[in-house]
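A.B. asks: Dumping the structure here so I can ask a few things about it.
The values are calculated or read from the model by the stated rules, or taken from the named source; none is laboratory data. Since the model is a prediction, treat every value here as computed from it, not as a measurement. Glycine also receives a Cβ, built like all others from the backbone with ideal geometry; neighbour counts cover every protein chain displayed. Surface areas here come from the heavy atoms of the whole protein model, side chains and all, with no ligands, DNA or RNA. Shrake-Rupley method; radii C 1.70, N 1.55, O 1.52, S 1.80 Å.
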Amino acid sequence: MKNVRAAVFASGTGSNFQAIMDATDLPVDVVLLVCDRSDAVVIDKAKQYGIETYVLEPKRFSAKEAYEQMVLEKLRELGITWLFLAGYMRIVGTVLLTSYRDRIINIHPSLLPDFPGKDAIGQAYRAAVGTTGVTVHYVDEGIDTGPIIAQQEVVVKPDDTLETLTNRVHQAEHHLYPAVIRQLLGEKTQTSLPAKNTTKVGNVQ
Ligand code: GRF
């Protein structure tokens with residue numbers, strides 16, 4: 001039993017969810033998966049880890065606020081204080097931001113502020129950049145615009161295909177996300193860190 005209880009928000013395959021769950025030394029208990037798609041692969045992963053899943057489809061609600069209010073009630077019921085977005089394909093709205101500002105983080109597969117939004121790895125590949133990477137950042141009202149916490153570079157090799165680059169970027173994500181959670185939450189539970197610090201973590205070649 002740890003001090004901090006967190007939820008992962010995910011809509012997709014859940015490889016980052018898995019990386020967080022497999023990092024068993026994190027100073028946080030992930031006690032809930034919030035998922036906005038009933039057909040998402042990540043739901044099965046959560047079952048395998050014995051994690052409660054809250055599946056709620058926004059299209060069933062008249063407005064984002066009503067959807068997020070239901071999610072908020074669940075988070076409060078479980079005493080959750082941190083939210084980790086991992087492939088949650090929605091913009092977080094006012095209801096969750098008001099209650100969890102500076103305690104919602106996201107992982108994005110580019111070196112922000114470059115290539116925000118969808119298909120970031122494809123965007124970087126098509127732009128023929130020499131280096132891309134991954135970013136963990138606080139979540140604000142924008143699309144991948146919140147303050148950056150940490151980044152990890154991934155060198156684009158001359159013979160990279162989109163697939164090989166994608167694999168290395170994901171590999172970097174699976175390293176960086178648990179590392180940031182470990183550092184951020186570990187420090188926060190011991191001392192009161194300033195909310196926004198920037199750390200560069202090593203490269204993936
Ligand atoms: C990751 O690339 C993440 O950075 C992005 O969405 C993807 C989710 O992948 N936001 P997965 O579901 O964690 O495998």
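A.B. asks: Which of the residues spanning the stretch 1-47 are more than 16 Å from the chain's Cα centre (by Cα), more than 17 Å from LEU85 (Cβ to Cβ) and more than 15 Å from the ligand (Cβ to nearest atom)?
C.D. replies: MET1, LYS2, ASN3, THR24, ASP25, PRO27, SER38, LYS47
A.B. asks: Which ones in the stretch 83-102 are surrounded by fewer than 21 Cβ atoms within 10 Å (Cβ to Cβ) and away from the ligand (no atom under 16 Å from the Cβ)?
C.D. replies: GLY93, THR94, VAL95, LEU97, THR98, SER99, TYR100, ARG101, ASP102
A.B. asks: Quick check, is THR53 assigned by TED's automatic domain parsing to the domain that holds LEU83 and part of a loop (DSSP other than H, G, I, E, B)?
C.D. replies: Judged against the criteria, THR53 is not a match.
A.B. asks: Scan the stretch 29-69 residue by residue and report those that are aliphatic (A, V, I, L, M) and touching a strand residue (DSSP E or B) at 6+ places or on another chain (Cβ under 9 Å).
C.D. replies: Result: VAL30, VAL31, LEU32, LEU33, VAL34, ALA40, VAL42, ILE43, ALA46, ILE51, VAL55, LEU56.
A.B. asks: Does the stretch 171-185 contain at least one residue that is modelled with pLDDT of 95 or more, open to solvent by 60 Å² or more (accessible area, probe 1.4 Å) and under 24 Å from GLU68 (Cα atoms)?
C.D. replies: Checked the stretch 171-185: no residue is modelled with pLDDT of 95 or more, open to solvent by 60 Å² or more (accessible area, probe 1.4 Å) and under 24 Å from GLU68 (Cα atoms).
A.B. asks: Kindly indicate whether any position in the stretch 6-23 is touching a helix residue (DSSP H, G or I) at 6+ places or on another chain (Cβ under 7 Å) and either among the charged types (D, E, K, R) or not assigned by TED's automatic domain parsing to the domain that holds GLY93 (or both).
C.D. replies: Scanning the stretch 6-23 turns up no residue that is touching a helix residue (DSSP H, G or I) at 6+ places or on another chain (Cβ under 7 Å) and either among the charged types (D, E, K, R) or not assigned by TED's automatic domain parsing to the domain that holds GLY93 (or both).
A.B. asks: Does the stretch 61-79 contain any residue that is aliphatic (A, V, I, L, M) and either assigned by TED's automatic domain parsing to the domain that holds ARG168 or under 28 Å from ASN167 (Cα atoms) (or both)?
C.D. replies: no
A.B. asks: A further question follows. Name the residues in the stretch 112-141 that are of a type outside the set (Ser, Thr, Tyr) and open to solvent by less than 30 Å² (accessible area, probe 1.4 Å), would you?
C.D. replies: LEU112, GLY117, ALA120, ILE121, GLY122, ALA124, GLY133, VAL134, VAL136, HIS137, VAL139
A.B. asks: Now for a separate question. Identify the residue in the stretch 6-59 that is closer than 26 Å to GLY93 by Cβ and polar (S, T, N, Q) and, among all such residues, is surrounded by the fewest Cβ atoms within 10 Å (Cβ to Cβ).
C.D. replies: Result: SER38.
A.B. asks: Read through the list (1) of a type in the set (Ser, Thr, Tyr); (2) within 16 Å of the ligand (Cβ to nearest atom); (3) closer than 27 Å to PRO116 by Cα, then give the number of the only condition that TYR67 fails.
C.D. replies: Condition not satisfied by TYR67: (2).
A.B. asks: For the stretch 142-159, name all the residues that are open to solvent by less than 80 Å² (accessible area, probe 1.4 Å) and of a type outside the set (Val, Ile, Thr).
C.D. replies: Scanning the stretch 142-159 gives GLY142, ASP144, GLY146, PRO147, ALA150, GLN151, GLN152, GLU153.
A.B. asks: A further question follows. Based on what the data block shows, is SER110 part of a loop (DSSP other than H, G, I, E, B), hydroxyl-bearing (Ser, Thr, Tyr) and either touching a Lys or Arg at 6+ places or on another chain (Cβ under 9 Å) or more than 26 Å from LEU56 (Cα to Cα) (or both)?
C.D. replies: The answer is yes for SER110.
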